[in-house]
Amino acid sequence: MNIAPAGSRSGRPPAVVLTVVAFVGFVTTLDNTVVAAAAPSMGRDLGIELAVLQWVSIAYMLPYAGLVLVAGTVLDRLGDRALLAGFGLFAAGAVVCGAAGSAVPLLLGRAAQGVAAALIVPGTLRLLRTELPRGRRATAAATWTAALAAALALGPWLGGVVSQYLHWSWIFYGNLPFVVPAVVLVAVGTSGGERPSAVKPRVPAALAVTTGLVLLTAALVTASEAGAGMSWSVPLGVLGALVLTGFAFGERRAREPLVPPRLLRERVFLGANVLLLLWGLGISGVVFFTPLVHQDYLGLGPGAAGLPLVLVALGVIIATPLVGPAVRKLGTHRVVASGLGVVALGLFGLAAVNPVASVAPRVPVLLVVGLGSAFTAPITSRALDESGEDDAGTASGVLTAARELSSAFGVAVLGLVVSIVQQHRLAAGSPEPSALASGYTHAVLLAALLQAIAASLAWPLLRPAPFDGSAASAEPTSRVKNSRR
């Protein structure tokens, strides 16, 4: 990726770049979390069943995950034009979602927003390198992190409040007051340091991997449906596997594969992606289904249903200042393993208290989940340190794709558990709220088990190699960045 010379900046004032960074970080993260508490209201208004309702989140995550790998090349060729097109598509998708009167336009709008996010997020992070002098980049990274933390904390609660007191459509229309100023701010000034890249983006490869992932996810979601769901899930799963196999063979023959083979040979980098997948498989599904259970089982309104999840973000905020010192003293592999273990304990605790139809027992265990999650943040920076400067852009894209992919599959896999157990309990005569709560308990237990597995793998996967010449306790502090997973 061509960048401006170090220490230079283009015609955009630094304040403009920082504002754009904050806008984009907040809105794109918010779109991942805000629908959780609003999803039940959408389902009731549009007559959407649970299996289809999961796609409100998945339809955003999968295009984001599949296309982010090729987005860097598109941005190198088109520059700000691609970023502005991403903003336009994101806004259009928001309008389509807000105006949707049925499931089809809602899901199409969400997919459009996912495609747009694949351009917007790396395009905005690119501005940190092309538009800011080196001395201001640390401030920009802190601004990005603060925006992500705010979105994580406010998303579930905000989605519930808006759907309860206004209408769920306004969680999408509410994107526009952020996107429009961002477009204006990006258009300010000229880009003086960049040159168009001659490398052609491998869009067909990105579309192939996205299609394969969509088919596999559809197989999982369809399997949870009653009746003919399972008969459809097998061919969908087989077709998805064939498409991904074809993609893999094509990548082996490609002169410039989406992911350089040298990255996949790096133990730490590959291990970090495995850990991100396991973390997202467990956490994302819990975040999606918790507000639904709080409404249908505990009887809370949409606003109150999402509020307990703020405790997870609060735990992250409280523990984040402790992460750097812990890594310097203990090493990344020990800190991450411990963090994942704490997350597992919190989720086991959540499963244990879930049969109690009260919010109070959930407060401490959700806070524990957040505290543990803060100590998993060094996964990303450790992986980037190992990838090398020349592969930093591609490595960031792979890590982002792993995070979004795990989120989508997390909703689908835990949704399958919730649905199977719920149907079994209903057939046995349990009331619908109790059946849903039982399904949720089993899903949370699976999530906790995945975190426990990740904790056991983190130590060997992230430990420094003997030839690194330094103990884990000597890892540079620059590796401890509270990056977005």
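Readers should treat all values here as calculations from the given coordinates under stated rules, not as data from a laboratory. Note that the structure is a prediction, hence the values are computed from the model and not measured. Methodologically, a virtual Cβ is constructed for each residue, glycine included, from the backbone with ideal geometry; neighbour enumeration extends over all protein chains shown.
When a/c is below 1.5 the answer is rounded, else prolate if a/b is larger than b/c, else oblate, so apply that to the stretch 273-335 with a ≥ b ≥ c taken from the square roots of the Cα gyration tensor eigenvalues. Spell out each step's value before the answer.
Details: a/c = 5.01, a/b = 1.96, b/c = 2.55.
Oblate, since a/c reaches 1.5 and b/c is not below a/b.
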| message | Quick check on the exposure proxy: order 358, 406 from fewest to most C-beta atoms within 10 angstrom. | response | 358, 406
| message | Neighbour counts of other C-beta atoms within 10 Å: give me 169, 284 arranged from fewest to most. | response | 169, 284
| For 440, 64, 173, what's the fewest-to-most ordering of other Cβ within 10 Å of each Cβ? | 173, 440, 64
| message | Which residues among the stretch 55-77 fall inside the zone where the amide N is under 14 Å from a point 7 Å beyond the Cα of residue 254, along Cα→Cβ? | response | 66-74
| Virtual spin-label span in nm between residue 449 and residue 232, 7 Å along Cα→Cβ | 2.8 nm
| From the Cα gyration tensor of the stretch 234-316, with a ≥ b ≥ c the square roots of its eigenvalues, which class applies: rounded if a/c is under 1.5, or else prolate if a/b is larger than b/c, or else oblate? | oblate
